[in-house]
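The values are calculated or read from the model by the stated rules, or taken from the named source; none is laboratory data. Remember, predicted model here, so these are calculated numbers, not experimental data. Ideal geometry is used to build each Cβ from the backbone, glycine not excepted, and the neighbour counts take in all protein chains shown.
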Amino acid sequence: MRKVIHVDMDAFYASVEQRDDPALRGRPVVVAWRGARSVVCAASYEARVFGVRSAMPAIRAERLCPDAVFVPPDFARYKEVSRQIRAIFARHTDLVEPLSLDEAYLDVTQPRSALPTATEIARDIRAAILEETRLTASAGVAPNKFVAKIASDWRKPDGLFVVPPSRVLDFLAPLPVARLPGVGRVTEARLLELGIATVSDLRATAPEALVAEFGRWGRRLHELAFGIDEHPVEPERPHSQISSEDTLEHDAPIEALAPHVERMAQRTWTAWERQRERDAREGRAPRRPRTVVLKLKTSDFRVLTRSLSLPRPPVDGSALADTARGLLARVALPASTRYRLVGVGLSNLAHDPQSDLFDARE
């Protein structure tokens, strides 16, 4: 039986800004550049009251909350605070799986600290974060990752919620199915059509019926309904995808996107080379990217992707750019469509037993 803690900082970027500038405290703060093409990186709880949320177009946030204070993001500062927080985690366990700068899973089944329970460890971590960074964090404690993540949101902000093994089924039963990981709007709509609105409804549905409707994912849904999640906390989980994307200064037709694809491909290749060097330093087996991904976002915020799996991975940034530009031809939207974002990625980063041979020839 694992003991897992999910720690989630409260409105992290906005809270750092409010901490460092007393004039912002108590005011609705939106971390974003102003402008029609910007999106919200974070919103303080004062701004969230007005409906402002992360990833929302900044211009919409401004309409929802005209009195909001817009602050440009300072990622170097946020990363430094994140390093402080991770150092606090490390006092209790080596099994820390960061999900982003502001949240992480911790496996404290066998902690390095002397605290006897996961609940006490979570309390100690939150107290240390507050004392050393002057920021608040919420935490969930549970026997597995997905229940801990749901629990950490239960008493936000600045809260702690514990779901012991004996309470997992009762805790999950009344939740809407949308609270389960991987259940987005499309899956939720399909479940509602089947009369499945809550986890309790899902639990009462035969697994064979779920498999017939959703394939292998149906089996996973059935497991989640019963609180089953065997995924371990993975402290050294390598990236499964390397990508770069950029919002264009002006919406552009598809025939004007090739230079932007080239630029994102070169940036992605540079990031991939850094990841490959990091893997080597940390003794991980060599990996090879097998799939090239093109991401586009239209002027009306529709997101589409095109991908191509290759028999051999790209050899350099130019080869990656050539493949990504070729994927533009697979976008079958009307010629009048305008695009606001371009991204290029490398995915399917799996260990290849032949990769050492390829390296020897190169």
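Here are the numbers for this structure:
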read-out: Residue in the stretch 57-66 that is part of a loop (DSSP other than H, G, I, E, B) and within 21 Å of Thr136 (Cβ to Cβ) present; value: no
read-out: Residue tally, condition over 26 Å from Ile125 (Cα atoms) and either of a type outside the set (A, V, I, L, M, F, W, C) or crowded, with 24+ Cβ neighbours inside 10 Å (or both), over the stretch 1-28; value: 2
read-out: Checking Glu17 against (1) part of a helix (DSSP H, G or I); (2) modelled with pLDDT under 95, the condition it does not meet; value: (2)
read-out: Pairs with Cβ under 6 Å, 6+ apart, first in the stretch 301-323 and assigned by TED's automatic domain parsing to the domain that holds Ala265, second exposed (fewer than 14 other Cβ atoms within 10 Å of the Cβ) and in a helix (DSSP H, G or I); value: Arg306/Arg330
read-out: Residue within the stretch 286-298 that is at pLDDT below 90 and at positive phi present; value: no
read-out: Test: residue in the stretch 153-171 that is buried (at least 17 other Cβ atoms within 10 Å of the Cβ), without any contact (Cβ under 8 Å) to a residue 40 or more places away in the chain and part of a strand (DSSP E or B); value: yes
read-out: Residue ID - nearest to Phe12 (Cα to Cα), chosen from residues in the stretch 125-135 that are surrounded by 16 or more Cβ atoms within 10 Å (Cβ to Cβ) and either touching a helix residue (DSSP H, G or I) at 6+ places or on another chain (Cβ under 9 Å) or of a type outside the set (Lys, Arg) (or both); value: Leu135
read-out: Matching option when the condition is outside any helix (DSSP H, G or I), among the polar types (S, T, N, Q) and buried (at least 20 other Cβ atoms within 10 Å of the Cβ), among Ser113, Ser138, Ser82; value: Ser138
read-out: Verdict on Leu130 being at pLDDT 95 or above, part of a loop (DSSP other than H, G, I, E, B) and assigned by TED's automatic domain parsing to the domain that holds Ala87; value: no
read-out: Count - residues of the stretch 97-124 that are β-branched (Val, Ile, Thr) and over 21 Å from Gly159 (Cβ atoms); value: 1
read-out: Options Glu273, Glu262: the member that is more than 23 Å from the chain's Cα centre (by Cα) and either charged (D, E, K, R) or surrounded by 13 or more Cβ atoms within 10 Å (Cβ to Cβ) (or both); value: Glu262
read-out: Verdict on Glu213 being charged (D, E, K, R), modelled with pLDDT of 90 or more and over 30 Å from Trp272 (Cβ atoms); value: no
read-out: Given (1) charged (D, E, K, R); (2) touching a residue at least 12 places away in the same chain (Cβ under 8 Å); (3) closer than 30 Å to Glu249 by Cβ, index of the condition Arg86 fails; value: (3)
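For (1) of a type in the set (A, V, I, L, M, F, W, C); (2) within 22 Å of the chain's Cα centre (by Cα); (3) buried (at least 20 other Cβ atoms within 10 Å of the Cβ); (4) in the same structural domain as Val162 (by TED's automatic domain parsing), each residue gets a yes or a no:
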site: Tyr45; (1), (2), (3), (4): no, yes, no, no
site: Val69; (1), (2), (3), (4): yes, no, no, no
site: Asp94; (1), (2), (3), (4): no, yes, no, yes
site: Asp102; (1), (2), (3), (4): no, yes, yes, yes
site: Asp107; (1), (2), (3), (4): no, yes, yes, yes
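Yes/no per residue for (1) in a loop (DSSP other than H, G, I, E, B); (2) free of Cβ contacts under 8 Å to residues at least 24 places away in the same chain; (3) not assigned by TED's automatic domain parsing to the domain that holds Leu333:
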| site | (1), (2), (3) |
| --- | --- |
| Val211 | no, yes, yes |
| Gly218 | no, yes, yes |
| Val233 | yes, no, yes |
| Asp246 | no, no, no |
| Val261 | no, no, no |
| Gln266 | no, no, no |
